[in-house]
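The values are calculated or read from the model by the stated rules, or taken from the named source; none is laboratory data. Everything quoted here is computed from the prediction, not taken from an experiment. Here the Cβ positions follow ideal geometry from the backbone for every residue, glycine too, while neighbour counts run over all protein chains shown.
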Amino acid sequence: MSRLYDTVEPAVIDEEMLQKAVEEQGPKDEAGRIAKQEGIDFADVLALRLDFKNILKIDNLWRFTSLTKLQMDNNIIEKIEGMDALVNLVWLDLSFNNIEVIEGLDKLTKIRDLTLYNNKISSIENMDALVDLHVLSVGNNELDQLENLIYLRRFKQLKTLNLNGNPFCDDPNFKHYVIAYLPSLQFLDYRLIDENTRAAANEQYTYPIQQLEHNEEQARKRIEDQEAKETEFNLHKGAYVENLNGSALFDSMFADDTEGPKLALLPGVDELLTGYKEKYTAICQQIFEYGLKEHQRRGDEVSGFQTAVDEAKEDNRNMGMRKINDFNEYRRKLFTELAQSSDQAHIDTSLEQHNKEIDKLWDGLMALEMQLVDQLEDTIKEFERNMADMVSTFVENVQALISQCRDLENTHNEKLLEVAIVTLEKMVKNELDDELPDDVRMLFVDKDTITNAVGASHDLHLLKIDNKEDDIITRANNWLAALMERVHNEEEVKRNRHRVSEINNFIDHLREEVETFEIQAA
């Protein structure tokens, strides 16, 4: 089933092997000679054959980023690896090797045809990324569990499947099982599936398939629900108000509070906590709703800014193209005229004037670029002021709302301390009606102990509130700083450098054409 090591030493995929393979498979005759002389960039190669090379390990293929077809059959490869850079691969042949596990395919999302025929594979797995898989050949392997084929149901485009030569092919139900569980298949073991066979298979496995489809539908709904929750959470997180549409912040204050649960057992404290939680959660809900609204406003402002920038760049580009088109028309007529002229003095004068026109074109294009630079600078400054005002207002309003949470905590602490002192006095006088657990009674050995316990709980609660406030403010300010850094970098620095370089290269090209014409005229 697998190839044995040849008597020669296993080969390594090195520069020499790759260069030789590319040259052998490249253009022939004169084109091939020129290609060999100039060298072929591996990044431009679309197909590569490395079959019958006695290769043990897949390696050094990272430069073949445009490769769509790779043939590595009839080697002694033991592991699928080293192909993460081959993101454009459509066709992969690893048949007749010693591969035991399907792996290393996560980056090959464009694969349509995968051949793993005649290896040592015992399980079909680790292929989730191959969403466009049409053809799969895993015949002559060690597959012995028919149930493993259910994994292939996720590949909705799978039309051709070769399984012949695996242990499970001896199962009398093999053919019907495959056809029933993989309804998208058109060819099995390179034979067209006829409608009669498909109908018989579906009838044989009606109930198991119905149950499977029900389970798949339930799983699909769970995934959709989870994705919807993640999308919603990411929206809330982008607005800096995640987990504020409920009691999460309130609950977090008590999560690490060792004294809080004890104090909650004091007479009347449960009622205090109920009212406290309702008011606190209501404020959190206000922060949440306000945060989402402001997030939308910021998003609208960014979109409006980007639209304005794109329109300005497009208008500027159109004005530049009109200048270039006018110049090209002038140049076309001039060169047509000069090509028919034998008057060298006239040619020299015309070319001199042509060079002046090139200079005028450069001046015009650069003037347009400077005009755009000034326009974008003003637009960006206004945008930056608007965004700074929006973020500042957002921060101030959030601080005001969180301050209300802090006030509620202070009020609750005062009431809790009153209850604690009254309880202490009753315990001293032995007038306490309620039975308290021993660990709670330990807080009432003296006034300092109970006061410290209430204070520690209060300090922890305030710390949680402060941390949430700092988190929201820091993230909002960091977002604004990162946004403006990106805007300045991309819309001012990078764009300007690219445009100036583009203009200079274009002008240099025009001047080179004139020099070429002068040489030909001479």
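Couple of notes before you dig in:
- Residue in the range 417-431 that is surrounded by 14 or more Cβ atoms within 10 Å (Cβ to Cβ), touching a residue at least 24 places away in the same chain (Cβ under 8 Å), touching a His at 6+ places or on another chain (Cβ under 9 Å) and in the same structural domain as H488 (by TED's automatic domain parsing) present: yes
- Helices (runs of 4 or more DSSP H) contained in the range 172-252 and holding at least 3 residues within 30 Å of I402 (Cβ to Cβ): 206-238
- Looking across L161, L192, L185, one residue alone is closer than 20 Å to S122 by Cβ, assigned by TED's automatic domain parsing to the domain that holds D73 and not basic (K, R). It is L161.
- Whichever residue in the range 179-218 is surrounded by fewer than 15 Cβ atoms within 10 Å (Cβ to Cβ) and hydroxyl-bearing (S, T, Y) and, among such residues, is nearest to L161 (Cα to Cα): Y190
- Of the criteria (1) touching a helix residue (DSSP H, G or I) at 6+ places or on another chain (Cβ under 6 Å); (2) surrounded by fewer than 17 Cβ atoms within 10 Å (Cβ to Cβ); (3) closer than 23 Å to F187 by Cβ, which one T65 fails: (3)
- Residues of the range 444-490 that turn out to be over 30 Å from the mean Cα position of the chain (by Cα) and aromatic (F, W, Y), as a count: 1
- Criterion: part of a strand (DSSP E or B) and either closer than 20 Å to L50 by Cα or assigned by TED's automatic domain parsing to the domain that holds I55 (or both) - qualifying residue of L133, L92: L92
- Residue match in the range 111-129 (condition: of a type in the set (A, V, I, L, M), on the phi < 0 side of the Ramachandran plot and touching a helix residue (DSSP H, G or I) at 6+ places or on another chain (Cβ under 9 Å)): yes
- Conditions (1) hydrophobic (A, V, I, L, M, F, W, C); (2) at pLDDT below 95; (3) out of contact with any helix residue (DSSP H, G or I) (no Cβ under 8 Å at 6 or more places or on another chain): number failed by A282: (2)
- Residue in the range 311-334 that is among the aromatic types (F, W, Y), surrounded by fewer than 16 Cβ atoms within 10 Å (Cβ to Cβ) and in contact (Cβ under 8 Å) with a residue 24 or more places away in the chain present: yes
- The combined condition, being among the basic types (K, R) and under 37 Å from the mean Cα position of the chain (by Cα), is fulfilled by K381.
- Extreme residue, nearest to F394 (Cα to Cα), among residues of the range 454-463 that are crowded, with 21+ Cβ neighbours inside 10 Å and either of a type outside the set (V, I, T) or free of Cβ contacts under 8 Å to residues at least 24 places away in the same chain (or both): H461
- Failed item, numbered, when L432 is tested on (1) modelled with pLDDT under 95; (2) touching a Phe, Trp or Tyr at 6+ places or on another chain (Cβ under 8 Å): (2)
- Selection count where residues are of a type outside the set (A, V, I, L, M, F, W, C), in contact with a Leu (Cβ under 7 Å, 6 or more places away or on another chain) and under 30 Å from R495 (Cα atoms), scope the range 317-359: 3
- Some residue of the range 255-275 being assigned to a helix (DSSP H, G or I), under 35 Å from the mean Cα position of the chain (by Cα) and farther than 24 Å from T393 by Cα: yes
- Count of residues meeting criterion [surrounded by 14 or more Cβ atoms within 10 Å (Cβ to Cβ) and more than 22 Å from G291 (Cβ to Cβ)] in the range 464-505: 9
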